[in-house]
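Heads up, the thing below is written out as structure tokens.
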Amino acid sequence: MLAITKRKDGAMEEKITRIGFIGVGTMGEPMAANLLKAGFEVTVMAHRNRAPVERLVGQGAREAQTAAEIAGAVQAIVTCVSDDAAVEEVLTGPDGIAEGASEGLIVIDTSTISPLTSQRLAAEVSARGITLLDAPISGGQNGAIAGTLAIMVGGPREAFDAVLPALEAMGKSITYVGENGSALAVKLANNLIVAATQVAISEALTMVAQAGVEPGLAHSILVNATAGSRQLDGAKTSLLAGDLRPGFKLSLMRKDMGLALDYGKALGVPMFSTALSHQLYTLAMGMGKGDLTAIGVAEVYTDATGAKLTAE
């Protein structure tokens, strides 16, 4: 049964209640769970890792076998996948969303991909009656679990308004940015700042450790000085705790720095700091650290110096 609401102008419109979710991994699983908690009917896709799908089905989600099958059963789909190629495959590949979608379907892509790719795909699926929103997310796994993600959105305003209740079920700070690709530009800006900050933290704490200062003490001073930042706060429970399990993988940060470099090049913007960060994350990848959390880039410095950054 479709839910119908009346607009301010008196016209009737369909309320979005049926949502598909593709990509129920570290971020996607808790996001889909929050949609279920908010009362949405959620359909998820079978995945090679069965555990998240089975947990969500246990919470009331339905399971489909393909993206096309999901597209034929819902009014909107959230995608949360790894890169440009994955988004394109899910949208327009064999058994993809475009094969099963009815006209009017809205796709909310929360993946971090190139703004140029997103703009191209938005134009392609628009010709098939599908609206694509780029809706990258920030806040990490903890934010996904708590439903406090920051979500920035680019694309047609009327589509944003239609899916706003779903976005509010997954995030706390929801911002409409502008046309397709604009939200991804902001997300890449966020991540290049984060990456450069993590590199600076790695260098700074290695330097003080080599100077004989206990890293935990140095950190307690720095967080209350002008260097204080959310990234420095976070280092206490990751780097200083010796816990580099991935929340956001180092390999994904490297990918995002590459996207930012390419986009900056297309816009004619010098990207000196981002280029350096990208090279350091590439070095860390080559050292076998891609599956660490992003601030695992610090091991480039500790491996070179023998410094220990765990707090006493």
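The values are calculated or read from the model by the stated rules, or taken from the named source; none is laboratory data. From a predicted model like this one, the values you see are computed outputs, not experimental measurements. Counting neighbours? That spans all protein chains shown, and the Cβs are built from the backbone with ideal geometry, glycine included.
Restricted to the stretch 238-262, and to residues there that are in a loop (DSSP other than H, G, I, E, B) and modelled with pLDDT under 95, the residue that is nearest to S111 (Cα to Cα) is F248.
Condition first: in a helix (DSSP H, G or I) and of a type in the set (V, I, T). Now tell me which residues in the stretch 263-294 satisfy that. Working first, answer last.
As a first pass, look at the stretch 263-294 and keep what is in a helix (DSSP H, G or I): 263-267, 272-286, 294.
If the condition is that a residue be in a helix (DSSP H, G or I) and of a type in the set (V, I, T), then T274, T282 are the ones that fit.
If I ask for residues that are hydrophobic (A, V, I, L, M, F, W, C), assigned to a loop (DSSP other than H, G, I, E, B) and either touching a residue at least 12 places away in the same chain (Cβ under 8 Å) or closer than 26 Å to I174 by Cα (or both), which ones from the stretch 114-134 would you list? Passing the criteria: only I130. As a summary of the residue check, R62 satisfies the conditions (1) at pLDDT 95 or above; (2) under 23 Å from the mean Cα position of the chain (by Cα) except for the one numbered (2). Annotation note: Cβ proximity below 8 Å between a residue of the stretch 176-197 that is closer than 15 Å to D256 by Cα and a residue that is among the polar types (S, T, N, Q) and assigned to a loop (DSSP other than H, G, I, E, B) (sequence gap 6+ or interchain) occurs for L184/T112; L184/S114; K187/T112; L188/T112; N191/T112; T197/S229.
Okay, residues lined up against (1) surrounded by fewer than 15 Cβ atoms within 10 Å (Cβ to Cβ); (2) more than 16 Å from the chain's Cα centre (by Cα); (3) part of a loop (DSSP other than H, G, I, E, B):
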| site | (1), (2), (3) |
| --- | --- |
| L167 | no, no, no |
| K172 | yes, no, no |
| A183 | no, no, no |
| Q198 | no, yes, no |
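Answer yes if at least one residue in the stretch 208-222 is in contact (Cβ under 8 Å) with a residue 40 or more places away in the chain, part of a helix (DSSP H, G or I) and within 30 Å of F40 (Cβ to Cβ), and no otherwise. No: the stretch 208-222 contains no residue that is in contact (Cβ under 8 Å) with a residue 40 or more places away in the chain, part of a helix (DSSP H, G or I) and within 30 Å of F40 (Cβ to Cβ). Taking the conditions exactly as written (touching a residue at least 40 places away in the same chain (Cβ under 8 Å), surrounded by fewer than 17 Cβ atoms within 10 Å (Cβ to Cβ) and under 25 Å from A123 (Cα atoms)), does S82 satisfy them or not? The answer is yes for S82.
Count, please, the residues in the stretch 151-165 that happen to be assigned to a helix (DSSP H, G or I), within 9 Å of L133 (Cα to Cα) and small (G, A, S). Result for the stretch 151-165: 1.
Just to be sure before I move on: is V53 in contact with a strand residue (DSSP E or B) (Cβ under 9 Å, 6 or more places away or on another chain), surrounded by fewer than 17 Cβ atoms within 10 Å (Cβ to Cβ), without any contact (Cβ under 8 Å) to a residue 40 or more places away in the chain and among the aliphatic types (A, V, I, L, M) in the structure I sent? The answer is no for V53.
Does R157 count as basic (K, R), more than 17 Å from the chain's Cα centre (by Cα) and at pLDDT below 95? Taking the combined requirement at face value, the residue does not satisfy it. Of all the listed residues (I106, I113, I97), the sole one being among the aliphatic types (A, V, I, L, M) and under 14 Å from the mean Cα position of the chain (by Cα) is I113.
None of A162, A241, A204 is within 16 Å of L292 (Cβ to Cβ), in contact (Cβ under 8 Å) with a residue 12 or more places away in the chain and either in the same structural domain as V125 (by TED's automatic domain parsing) or not polar (S, T, N, Q) (or both) except A241.
Condition test on S111, is it in a loop (DSSP other than H, G, I, E, B) and touching a strand residue (DSSP E or B) at 6+ places or on another chain (Cβ under 8 Å)? Yes, satisfied.
The single residue among G171, G143, G181, G155 that is in contact with a strand residue (DSSP E or B) (Cβ under 6 Å, 6 or more places away or on another chain) and under 25 Å from P270 (Cα atoms) turns out to be G181.
The set of residues from the stretch 71-87 being part of a loop (DSSP other than H, G, I, E, B) and not polar (S, T, N, Q) comprises G72, A73, V74, C80, V81, D83. Scanning the stretch 135-150 for residues that are surrounded by fewer than 20 Cβ atoms within 10 Å (Cβ to Cβ), assigned to a loop (DSSP other than H, G, I, E, B) and touching a helix residue (DSSP H, G or I) at 6+ places or on another chain (Cβ under 7 Å) yields one hit, G147. The residues of the stretch 11-70 that are of a type in the set (A, V, I, L, M) and in a helix (DSSP H, G or I), listed by number, are M31, A32, A33, L35, L36, A51, V53, L56, V57, A67, A68, I70.
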